[in-house]
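Quick notes on the structure that follows.
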Amino acid sequence: MKKNILITGGAGFIGSHVVKLFVKKYPEYHIVNLDCLTYAGNLENLKEIENAPNYSFEKVNILDEAGLVKVFENHRITDVIHLAAESHVDRSITDPLAFVKTNVIGTVNLLNTAKSYWKDYSNHLFYHVSTDEVYGSLDDGGFFLETTPYDPQSPYSASKASSDHFVRAYANTYKLRTVITNCSNNYGPNQFPEKLIPLCIHNIRNNKPLPVYGKGENIRDWLYVEDHARGIDVVFHQGKSGETYNIGGFNEWKNIDIVRLLCQKMDEKLGRLSGTSEKLITFVKDRAGHDLRYAIDATKIQRELGWEPSLQFEEGISKTIDWYLDHQDWLDNVTSGNYQKYYEDHYGSR
Ligand code: NAD
Ligand code: DAU
């Protein structure tokens, strides 16, 4: 059976890398990118494949049940890779309900649509993309394993944990074939500059303060976004139905050390005197309920499916800085809001 894969959230940061990878690598598949284009959706991310014959875009909200059914029927969807979500922890603290709506109810809508549209479940897969934050916060020792009990601490992670539970419940109750991956912090091109790394790159470039929450002692485990997309490809094709796989780079950094590294590398790249950008570091009020440490044990996906990260962090960070410096227009369009006109300009008359 020909695969017509629905990728949700494909105009966002990670989703756009997954869409590009699948469209280019699998000309025999049809890739349908479904995204309602919130502030985080940016069709400019997909310029290089937007006219590919095996690609379609559907501007639909996952909260719109009838809209989902239409897309499944029109494109005869065979599989789902679900990334659409509200993704920013700080926003979840100010507006938790938006996260419940998209991340929980939206995911259940999508599960219901797949469950009703697909007849013989053995030929179809519902792949849910989740986060390491569902496991809670670590202190100095240990790693998150696939068997670590869920202990979400923020409204964002609570909503993602809930959606994971629904996916497992649909697998158990209705025998839908599902797979879940829980990934650590991603970085790389096309990330919305509200997240730590692109925010700092943008602010260093423009000599603006670098807001470090608390003392900057919190630890995150960073993975280059294209390595995550490759992991999704591997799990989609080789993962076992009903399983969970953690994805991460065994690459823990304190926030303050990341910010200093960015300052140092950008001083070099911008021809500034060493130490210039560090002066922009500003310690600000801590995030409410700020998780101390995340660290993924990615042994299972490495051992069972042979996936491992391809890029060392220093190389990935250097590539990332270069990308943002070379794509000042992308950042300008995002910060000015111009990127939101892309849909009307390019799809309005289609
Ligand atoms: P993002 O915020 O960059 O993109 C989210 C996309 O989803 C956007 O294009 C947005 O328009 C779309 N979207 C949001 N609400 C929607 C709705 N109701 N209907 C349709 N589309 C909607 O997010 P991201 O950082 O690329 O994360 C993608 C997925 O990966 C999320 O599920 C997130 O939880 C997960 N994840 C992210 C990270 C990370 O470090 N960014 C790490 C692990 C897991
Ligand atoms: O771990 C995976 C998660 O990583 C994903 O599920 C989320 O979608 C993604 O947003 C990310 O969450 P974080 O909260 O870890 O990412 P963020 O870039 O917002 O923050 C990284 C760390 O930097 C965190 O400890 C908070 C801190 N921070 C963040 C911002 C935006 C600052 O110190 N200053 C800032 O301005």
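Quick note: the coordinates plus some simple rules give every number you see, no bench work behind them. Every value quoted in this text rests on a predicted model; they were computed, and no experiment measured them. Note that each Cβ is placed from the backbone with ideal geometry, even for glycine, and that neighbours are counted across all protein chains shown.
Each residue, HIS327 and GLU194, gets one label point 7 Å from its Cα in the Cβ direction; the gap between the two is 1.8 nm. For ASP64, ASP291, the sequence from fewest to most other C-beta atoms within 10 Å is ASP64, ASP291.
Which of rounded, prolate, oblate describes segment 131-188, given a ≥ b ≥ c as roots of the alpha-carbon gyration tensor eigenvalues and a/c under 1.5 marking rounded, otherwise prolate only if a/b is larger than b/c? Judged from the Cα gyration tensor, segment 131-188 comes out prolate (a/c at least 1.5, a/b above b/c).
Per residue, the average separation of C-alpha pairs within less than 8 Å and at least 6 apart gives the chain a relative contact order of 17 percent. Counting other Cβ atoms within 10 Å as a rough exposure proxy, the listed residues HIS124, HIS290, HIS237 run HIS237, HIS290, HIS124 from fewest neighbours to most.
When PHE57, PHE283, PHE13 are arranged by Cβ crowding within 10 Å, least crowded first, meaning fewest neighbours, the order is PHE283, PHE57, PHE13. Let me make sure I get this right: for segment 87-171, a, b and c are the square roots of the gyration tensor eigenvalues over alpha carbons, sorted descending. Under 1.5 in a/c it's rounded, otherwise prolate if a/b > b/c, else oblate. Which is it? Oblate shape, in that a/c is at least 1.5 and b/c is the bigger or equal ratio.
So for the chain, Kirkwood radius off the Cα pairs, Stokes-Einstein at 25 °C and 0.890 mPa s: how many µm² s⁻¹? Translational diffusion coefficient: 119 µm²/s. When the trypsin sites (Lys or Arg not before Pro) in segment 45-126 are filtered for DSSP coil states and for at most 11 other beta-carbon atoms within 10 Å of their beta-carbon, the remaining sites are LYS119.
Modelled this way, with points 7 Å down the Cα-to-C-beta line, the labels at SER318 and ILE93 are 3.5 nm from one another.
How many percent of DSSP beta bridges within the chain run antiparallel, rounded to 5?
10
Quick check: from the Cα gyration tensor, does segment 1-132 come out rounded (a/c under 1.5), prolate or oblate? Oblate. Using 0.36 nm per residue and subtracting the Cα-Cα separation, the extra length available between HIS237 and LEU273 on full extension is 8.1 nm.
Starting from the Cα-Cα distance between ALA66 and ASP139, subtract it from 0.36 nm times their residue separation and give me the gain in nm to one decimal.
Answer, rounded to one decimal: 21.8 nm.
Take every pair of alpha-carbon atoms less than 8 Å apart whose residues are at least six positions apart; their mean separation over the length of segment 57-168 yields a relative contact order of 33 percent. Taking label points 7 Å from Cα along the Cα-to-Cβ direction, GLU308 and LYS119 give a separation of 4.6 nm.
With a Förster radius of 45 Å applied to the C-beta separation of ARG76 and TYR150, the computed FRET efficiency comes to 0.80. Under a model in which nothing but the beta-carbon of Lys, Arg (+1) and Asp, Glu (-1) is charged, the chain shows a dipole of about 540 debye around its Cα centre.
In this structure, the amide hydrogen of ILE247, modeled 1.01 Å from its nitrogen in the peptide plane, lies closer than 5 angstrom to those of ASN182, CYS183, SER184, counting only residues at least 5 positions away or on a different chain. Can you flag which of LYS47/LYS119; LYS2/LYS59; LYS160/LYS300; LYS254/LYS285; LYS70/LYS300 are past 26 Å Cα-Cα? Correct reply: LYS47/LYS119; LYS70/LYS300.
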